[in-house]
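The next block holds one structure in the form of structure tokens; read it before the comments.
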Amino acid sequence: MPMSPIPVDREAIEGLAERVRGEVITEAHTAYDEARQVFNRMIDRRPLVIVQCAGATDVMQTVDFAREQGLPLAIRSAGHHVTGNAVCDDGVVVDLGGMKGVRIDPEGRTARVEPGVTWGELNHDLQTFGLGATGGYISITGIPGLTLGGGFGWLVRKHGLALDNLTSVDLVTADGALLTADESHHPDLFWAVRGAGGNFGVATSLEFRVHPVGTVLSGLVIHPAEKAKDLMRVFREHVPDVPDELTWGVLLFRIPPVDPFPPPLHGTPVAALAICYAGDLEEGERVLEAVRAW
């Protein structure tokens with residue numbers, strides 16, 4: 001049998017709206033359906049309230065509200081996780097998507113970002129200084145969820161996972177407190193958020209080491225799906241000898257209806273090598289010569 005919604009004091013929701021700077025959205029708002037959508041459109045959950053936080057204090061107030069009301073809590077940055085963890089039924093969504101502050105220290109090679117920033121947005125700004133971050137294969141992925149889950153990206157073989165480059169994180173814990181976790185402050189919590197699982201708190205700011213990155217040699221080498229076995233064999237043969245500057249992998253997918261693919265190819269099953277060589281471009285061409293020739 002379906003569970004009955006948890007009763008909520010409407011006056012409490014009105015009080016929450018007075019406690020935060022951001023928008024508080026319920027089913028009564030015209031923006032409700034758009035606000036509850038996530039990247040995976042198969043997810044169709046209906047939270048009682050969505051708080052589009054304007055800053056860390058909004059997060060603190062929202063966590064307090066959920067705890068006081070005994071409501072489940074979901075945390076959303078970009079909403080890109082396939083299982084739809086960023087939204088819940090009959091609970092509270094802490095929507096961090098509007099918190100998009102970025103502060104870059106080019107000399108110290110660090111970047112501090114708020115949780116609404118995506119990897120594409122961060123790397124866009126970093127490129128102004130000839131720098132890059134190691135997280136995120138997909139540019140629209142949110143930074144906190146990917147980082148606190150590990151964080152593979154196009155520079156992973158040269159510079160490690162996103163969490164390997166995390167130097168500090170601000171967290172709102174379940175009691176509504178705001179803590180900074182790094183090697184010197186709450187080091188046990190800092191250890192935990194770097195790979196020990198989720199639910200230690202809501203990340204409101206993250207600081208990373210970033211790295212010199214100029215133009216890279218990258219793209220897809222696409223073959224018909226029936227060549228997938230041969231492609232993976234070639235890939236396996238070359239993996240042991242390639243330098244750390246090369247991050248690559250095999251993809252199996254159907255061609256999407258986007259440029260530069262012409263309409264007759266849309267939906268065609270293919271196998272592809274996704275490639276990023278972050279080093280000397282001439283050396284990259286040499287490293288990839290055998291694969292491209294095949």
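None of the figures in this text is laboratory data; all of them are computed from the coordinates on show. What you see is a predicted model, and the numbers here were worked out from it, not measured in a lab. Virtual Cβ from ideal backbone geometry, glycine too; neighbours counted across all protein chains shown.
Using helices alone, what [θ] at 222 nm do you get for the chain, with -39,500 (n - 2.57) per DSSP H run of 4 or more residues, divided over all residues and rounded to the nearest 500?
-7000 deg cm²/dmol
Under a plain spin-label model, where a point goes 7 Å from the Cα along Cα-to-Cβ, how far apart in nm are Ser184 and Asp230?
So the two model labels end up 5.9 nm from each other.
Taking θ = phi - 60°, what integer Hz values does the Karplus form 6.51 cos²θ - 1.76 cosθ + 1.60 yield along region 103-111, in sequence order, with x for Gly and Pro?
Computed from phi, the couplings for region 103-111 are 10, 10, 10, x, 6, x, 6, 10, 9 Hz.
Under 5 Å between amide H atoms, partner at least 5 residues away or on a different chain: which partners does Glu245 have, H built in plane at 1.01 Å?
none
By how many degrees, between 0 and 90 and to the nearest 10, does the Cα long axis of helix 10-19 differ from the longest principal axis of the chain?
60 degrees
Would you mind getting me the FRET efficiency between Asp241 and Thr173? Use the beta-carbon distance for r and R0 = 51 Å, nearest 0.05.
Details: r = 47 Å, r/R0 = 0.91.
So the FRET efficiency works out to roughly 0.65.
Rounded to the nearest 10 degrees, what's the angle between the helix 56-69 long axis and the longest principal axis of the chain, both from Cα atoms, 0 to 90?
Helix 56-69 and the main axis of the chain meet at about 60 degrees.
Can you tell me the orientation of helix 228-238 relative to the chain, as the angle in degrees between its alpha-carbon axis and the longest Cα principal axis, to the nearest 10?
80 degrees
Grab the other residues whose beta carbon is less than 15 angstrom from that of Pro115, score K and R as +1, D and E as -1, and report the net.
Details: positive: Arg76, Lys100, Arg103, Arg112; negative: Asp58, Asp95, Glu114, Glu121, Asp170, Glu207.
For residues surrounding Pro115, the net value is -2.
Which order do the peptides 248-255, 205-212, 26-33 come out in when sorted by mean C-beta neighbours inside 10 angstrom, highest first? Mind dumping the intermediate values first?
Numbers: 248-255: 14.2, 205-212: 19.9, 26-33: 11.9.
Going from most to least packed, we get 205-212, 248-255, 26-33.
Sequence gap at least 6, Cα distance under 8 Å: using those rules, report the relative contact order of the chain to the nearest whole percent.
Contact order relative to length: 13 percent.
Given the options His80, His124, His266, state which has the largest fluctuation in a GNM of the chain using a 10 Å cut-off (strictly under) for Cα springs.
Of His80, His124, His266, the most mobile in the Gaussian network model is His266.
With each pseudo-label sitting 7 Å past Cα toward Cβ, what's the Asp280-Gln127 distance in nm, one decimal?
So the two model labels end up 2.5 nm from each other.
Contour minus end-to-end for Ile140 and Arg45, with contour as 0.36 nm per residue of separation and end-to-end as the Cα-Cα distance?
So the chain would gain 32.1 nm between Ile140 and Arg45.
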